[in-house]
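Engineer: Structure provided below as C-alpha cells; questions to follow.
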Amino acid sequence: MRQNFTSGLLVCFLGAAALAADIRVPDKVVAGQGMAIGSSGSGDATLYVVGPGTAIKRQVKLGEQIQLKGVELRNAGYYQIAIKGGGTDFSKDLYVAPAAAEKINFLARPSRVPVGQPKVIAGTAFVFDQYENLVTAPMPVTFELSVPGAGAKVDRATAKNGVAYLQTGSGTKAGPGQFTVQVGDNSVRRVVEETASEPCNLHFKLHNEKEGLIAETDPVRDCSGNAVPDGTIMTFVSAEPGKGRSTVDARVKKGIARAVLPPVPGATISVASGVVLGNEVRWGGDE
Amino acid sequence: MSRLVAIIMAVITGVLIAAGVAPTREKEKTSSPEGAVRAFYDRVRADDYRGAYVLIAPSSNVDFATVHRDIAGRDGSLKTLSQLQNADARVIANHGNEALVRANLEWRTAVGALFENKDLKLVNDNGNWQIVWPKHHEQNLPPQVIPVNYLRWDIIHSDSEANEWGAQNVESPHVRITSMNAVESEGKVIILGELVNEDTVPGYVDVQGILIGKDGERLGEETSFDKISHVLLPKEVTPFRIDFDGVHLNQVKKVTLNPNSILVPASADPVIGVLHQQLDKTDSGHTVLKGELMNQSGQLVNIPQVLATYYDNAGKVIWISDGYVDQALRPQVPIPFAVSVNDDIAPKVHSYRVVVNHYTMDRTS
C-alpha cells in the first residue's frame with residue numbers, strides 16, 4: 001500500500017515537472033543572425049523549426065539553452081518553433097526580420113528612348129538584404145539619370161514594402177543615359193540610351209565630280225541639335241526628265257549622308273529620311 | 001565455226017552502222033539554226049561546256065573561259081548556283097547563211113526558277129550552223145583600294161549566368177507598319193504593305209499575316225518570306241508582300257499582321273544605287289520596271305534582289321514585285337535589272353519605289 005502511494009506521488013511530481021517545461025523565444029530576430037531559445041523543464045525532447053524555406057528537426061535537452069545558428073535563419077518571415085517528446089508538446093511563433101539593405105534589383109525601361117519625350121523612362125528598384133529577403137521597412141531611395149554633357153536629374157523616393165518606383169521624361173541631349181539607383185551605400189546602374197529624334201531642317205547640296213553627281217547633306221540633326229545616329233538612312237531621289245528616276249539609300253556617316261547620282265541635266269533631286277522631307281535641288285548640268 | 005564468223009560479222013556491222021549514224025545525228029542537230037542552239041544548250045544542261053564550245057563559230061574570237069563565265073556565271077552570282085532546266089529555241093530571222101534565234105531558257109536556282117531570253121546570231125558554215133557568241137564589254141575597274149569605313153552595330157547581350165534578376169537586355173528595334181492593302185490576283189489573296197524601322201539600331205524584321213474568315217475561322221497563316229528586306233537599318237523602309245494561295249478576298253473578314261523584329265549585328269554597307277528606273281513595255285506588251293543597280297561600295301555583292309513597290313495616285317500601295325538579278329554586283333559597275341509588273345495593275349501605277357536586298361558570301365565580318 002505504501003509502495004503504491006510512493007509510486008503515485010513520483011508520477012505526479014514528474015508529470016508536474018514536465019508540465020512546467022517551457023521555452024522563451026525572442027519577439028523578433030534579424031535574418032542571418034543566430035539566436036538562443038531558453039527552455040525550462042528537463043529530459044530529452046525534439047525541436048522542430050518550420051519557416052520560409054526552412055525545416056529543422058533536432059534532439060534537445062530541456063532546461064538548457066537551445067542555439068539556432070545564423071545560417072539556419074537566413075530567410076525572413078514567420079517561423080513556428082515546436083518542442084515535442086518526453087510528455088512535452090508546445091510551440092511558439094517567431095518573426096525573422098530582413099537584415100539591412102545590401103542588394104538592389106533595378107528594372108529600367110526602355111533601353112532606348114528619343115529625346116524630349118515626357119514620362120517615357122521608368123525605373124523600379126527592389127531592395128533586398130544579403131540573403132535575398134525583400135527589405136520591407138521604409139527606406140530612402142535615390143534615382144539619378146544623367147547624360148554626358150547634361151545636368152543630372154535626381155529624384156528621391158521611399159521604398160514601400162521593398163519597392164521604389166520612378167517615372168520620368170527624357171532630356172534634350174542625346175547620349176547614353178546613366179540611370180542609377182542608390183540605397184544606402186549600394187547602387188546599381190543601367191543604361192538608357194537617349195537618342196536623337198527625327199531629323200530637322202534636312203538640307204543637302206550637289207557638286208559634280210568624276211565619279212558622278214555627289215549629293216551631300218549638311219550635318220543631320222534633330223530639332224534639339226542632336227546629331228542623328230550614324231547609319232540612319234537618307235533616301236536621295238533624282239527625277240530625271242525622260243529617263244525615269246534614280247534612288248540611293250545613303251547611310252549617315254559622321255553626321256553626313258552622301259550619295260553618288262547619275263549627272264542628268266534637268267534632274268530634280270530631293271532627300272528624305274523616314275517621313276521627313278528635305279530640300280529639292282534642280283541640277284542644270286553645270287559644275 | 002561458221003556461226004562464230006556470223007556473230008563477229010554482225011557485231012562489226014552494228015558498230016559500223018552506229019559509227020555512221022552518230023555524225024549524221026550531230027549533223028541533223030546543227031543543220032538548222034534552232035537545232036544548233038538546242039544542241040548547244042543540251043550540252044550546257046549536261047554540264048558539257050567543252051562540247052558546247054565546239055558549236056561556237058571561230059569567228060566569235062572568244063575563248064572557252066569567257067563562254068563558260070558568260071553561261072555559268074561568276075563572282076558567286078545566282079547563275080553560279082543554277083542549273084539549266086529547259087531550253088527552247090525559235091528562229092526570229094533567217095537570211096540564208098545568217099540567222100537570229102531566240103533561246104528561252106529556264107534555270108533552276110537556289111531561289112526558284114529563273115527565266116532568261118537570249119538572242120543568238122548564227123552563221124552557216126558548209127551546212128553546219130554555228131553560234132556567233134556575243135562579246136560583252138564588261139566594265140572593269142582599274143586595281144585600286146576603296147576605303148570603306150561604314151559603321152557596324154555589335155550587340156552585348158545580357159550574360160544570364162552573371163546578371164542578377166532585373167538586369168534588362170537591349171530591346172528589339174521598334175518597327176511600324178505604315179501601310180497595308182489586300183488585293184486578289186492570280187487566284188490568291190495578297191497582302192501588301194510597308195514597314196519602317198523607327199529606331200536607331202538595325203533589326204531583322206519579318207511580317208506574319210493571318211487571314212480570318214467570316215465565321216471567325218482561320219483561313220491561312222503565312223509570312224513575307226523573301227518578299228521583304230529583312231535587315232532594316234535605322235529609318236529604313238521595306239515593302240512586304242504575303243501571298244495566300246487558294247483564298248478569295250470575299251472570304252476574308254479580317255487580316256491580322258504581326259511585325260516581328262530582332263536586334264541583330266549589322267553593317268551599314270554596301271550602298272546600292274538604283275539608277276534610271278522607268279516603266280517600260282516588253283516586245284510582248286507586258287509592263288516591266290527597268291533600271292540599273294550600282295554597287296557604290298568596294299565589296300562584291302553576290303546575289304542582288306530587287307523589290308519594287310507601286311503606288312496609285314492616292315499614294316496607296318497597289319502592287320509589289322521582286323526579281324533576283326543573276327549577275328553579281330561588282331563595285332562601281334552598273335548592272336541592268338527588270339522586274340515585271342502585273343498587267344492589271346500597270347495602268348494604275350502612279351509612282352514606284354525600288355529597294356535592293358543583297359546576299360553576300362564569305363563576308364569577313
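Please treat every number below as a calculation from the coordinates, not as lab data. None of these values were measured; they are calculated from a predicted model. Backbone-built Cβ (ideal geometry, glycine too); neighbour counts: all protein chains shown.
Engineer: Residue-wise, which Karplus ³J(HN,Hα) couplings in Hz belong to the range B:345-356, taking 6.51 cos²θ - 1.76 cosθ + 1.60, θ = phi - 60°, and x for glycine or proline?
Structural biologist: 8, 3, x, 8, 5, 9, 8, 8, 8, 10, 10, 10
Engineer: Under 5 Å between amide H atoms, partner at least 5 residues away or on a different chain: which partners does residue B:57 have, H built in plane at 1.01 Å?
Structural biologist: Placed amide hydrogens put B:131, B:132, B:133 under 5 Å from residue B:57.
Engineer: Between residue A:200 and residues 5 or more places away or on another chain, which pairs have amide H atoms under 5 Å apart, with H built 1.01 Å from N, and which residues are they?
Structural biologist: Counting only residues 5 or more places away or on other chains, the set is A:221, A:222, A:223.
Engineer: Calculate, in nm to one decimal, what residue A:172 and residue A:160 gain on full extension: separation in residues at 0.36 nm each, minus their alpha carbon distance.
Structural biologist: 1.2 nm
Engineer: What residue among A:175, A:34, A:116 shows peak mean-square fluctuation when chain A is described by a Gaussian network model with Cα springs under 10 Å?
Structural biologist: So, out of A:175, A:34, A:116, the one fluctuating most is A:34.
Engineer: Cα to Cα, under 28 Å, and not fewer than 8 places away if on the same chain: which lysines meet these conditions relative to residue B:118?
Structural biologist: Qualifying lysines at Cα under 28 Å: A:243, B:27, B:29, B:79, B:135, B:227, B:281, B:290.
Engineer: Per-residue HN-Hα couplings for the range B:282-296, Karplus 6.51 cos²θ - 1.76 cosθ + 1.60 at θ = phi - 60°, whole Hz, x for Gly and Pro?
Structural biologist: 7, 4, 8, x, 7, 8, 10, 9, 10, x, 10, 9, 10, 7, 8
Engineer: Against the longest alpha carbon principal axis of chain B, how many degrees, from 0 to 90 and to the nearest 10, is the axis of helix B:2-30 turned?
Structural biologist: 50 degrees
Engineer: Still on this structure, please answer the following. Using 0.36 nm times the number of residues separating residue A:279 and residue A:216, minus their current alpha carbon distance, what extension gain do you get?
Structural biologist: Going from the current span to full extension adds 21.5 nm.
Engineer: Taking every pair of alpha-carbon atoms in chain A, what share in percent sits in each 10 Å bin, from 0 to the bin with the longest distance?
Structural biologist: Going from the shortest bin to the longest, the percentages are 6, 18, 14, 12, 11, 9, 8, 7, 6, 4, 2, 1, 1, 0.
Engineer: Treating each Cα of the range A:183-271 as an identical point scatterer and ignoring solvent, apply the Debye formula and state log10 I(q)/I(0) at q = 0.12, 0.17, 0.19, 0.20 Å⁻¹.
Structural biologist: Values returned for q = 0.12, 0.17, 0.19, 0.20 Å⁻¹ are -0.45, -0.73, -0.85, -0.91.
Engineer: Choose one of B:72, B:93, B:133: the residue whose Cα lies farthest towards the positive end of the charge dipole of the range B:67-210 (beta-carbon charges +1 Lys, Arg; -1 Asp, Glu; about the Cα centre).
Structural biologist: It is B:93.
Engineer: Based on the alpha-carbon gyration tensor of the range B:283-326, what equivalent-ellipsoid semi-axes (square roots of 5 times the eigenvalues) come out, in whole Å, largest first?
Structural biologist: Values: eigenvalues 128, 46, 18 Å².
Working through the eigenvalues yields semi-axes of 25, 15, 9 Å.
Engineer: OK, next. Among all stretches of chain A without exposed trypsin sites (Lys or Arg not before Pro) (DSSP loop, at most 14 other Cβ atoms within 10 Å), which one is longest?
Structural biologist: Result for the longest clean stretch: A:120-209.
Engineer: Report the paramagnetic label zone for residue A:185: residues of the range A:139-176 whose backbone N is under 18 Å from a point 7 Å from Cα along the Cα-to-Cβ axis.
Structural biologist: Correct set: A:140-142.
Engineer: Let me ask something additional. State, to one decimal in nm, how far the label point of residue B:116 lies from the label point of residue A:36, with both points 7 Å from Cα in the Cβ direction.
Structural biologist: Using points 7 Å along Cα→Cβ, the separation is 9.5 nm.
Engineer: In nanometres, what is the gap between the two model label sites at residue B:86 and residue B:314, each 7 Å from Cα along Cα-to-Cβ?
Structural biologist: 4.0 nm
Engineer: Just to be sure I follow: if Rg is taken over the C-alpha atoms of the range B:22-132 and Rh is the Kirkwood radius over the same atoms, what is Rg/Rh?
Structural biologist: Numbers: Rg = 13.8 Å, Rh = 14.3 Å.
Result: Rg/Rh = 0.97.
Engineer: Could you list the square roots of 5 times each eigenvalue of the Cα gyration tensor of the range B:269-359, that is, the equivalent ellipsoid semi-axes, sorted largest first and rounded to whole Å?
Structural biologist: Working from the Cα gyration tensor, I get semi-axes of 25, 14, 10 Å.
Engineer: If amide H atoms are built 1.01 Å from N in the plane of the peptide, which residues on other chains or at least 5 residues away come under 5 Å of the amide H of residue B:297?
Structural biologist: Excluding prolines and chain starts, which carry no amide H, the hits are B:271, B:332.
Engineer: For helix A:2-19, what angle does its Cα long axis make with the longest principal axis of chain A, in degrees from 0 to 90 and rounded to 10?
Structural biologist: 20 degrees
Engineer: What angle, in degrees between 0 and 90 and rounded to the nearest 10, separates the Cα long axis of helix B:33-45 from the longest principal axis of the Cα atoms of chain B?
Structural biologist: Once rounded, one gets 60 degrees.
Engineer: Suppose the chain between residue A:256 and residue A:208 were pulled fully straight at 0.36 nm per residue; how much longer would it get relative to their current alpha carbon spacing?
Structural biologist: Using 0.36 nm per residue and subtracting the Cα-Cα distance, I get 15.5 nm.
Engineer: Also, I was wondering about something else. Which of the trypsin sites (Lys or Arg not before Pro) across the range B:260-365 are loop residues per DSSP, with 11 or fewer other Cβ within 10 Å?
Structural biologist: Working: sites: B:281, B:290, B:316, B:348, B:353, B:363; in loops: B:316, B:363.
Answer by residue number: B:363.
Engineer: For B:249, B:219, what ranking results if the residue with the fewest other Cβ atoms within 10 Å of its Cβ goes first? Intermediate results must be reported in sequence, preceding the final value.
Structural biologist: On the way: B:249 14, B:219 19.
Going from least to most buried by this count: B:249, B:219.
Engineer: Residue B:292 to residue B:208: FRET efficiency via 1/(1 + (r/R0)^6), r the Cβ-Cβ distance, R0 35 Å, to the nearest 0.05?
Structural biologist: 0.55
Engineer: Using square roots of five times the C-alpha gyration tensor eigenvalues, list the equivalent-ellipsoid semi-axes of the range A:43-125 in whole Å, biggest first.
Structural biologist: Equivalent-ellipsoid dimensions as semi-axes: 49, 11, 9 Å.
Engineer: Over chain B, with a single point scatterer placed on each C-alpha, what log10 of the ratio I(q)/I(0) does the Debye formula yield at q = 0.08, 0.10, 0.12 1/Å?
Structural biologist: Treating every Cα as an identical point scatterer, log10 I(q)/I(0) equals -0.57, -0.81, -1.04.
Engineer: Could you work out the helix-only [θ] at 222 nm for chain B, with each DSSP H run of four or more residues adding -39,500 (n - 2.57) and the total divided by the number of residues, to the nearest 500 deg cm²/dmol?
Structural biologist: Details: 4 runs with 57 residues, N = 365.
Counting only the DSSP helices, I get -5000 deg cm²/dmol.
Engineer: Looking at the P(r) of the protein assembly as shown, how many percent of alpha-carbon pairs lie beyond 36 Å?
Structural biologist: Values: 130599 of 212226 pairs.
In whole percent, the long-distance tail amounts to 62.
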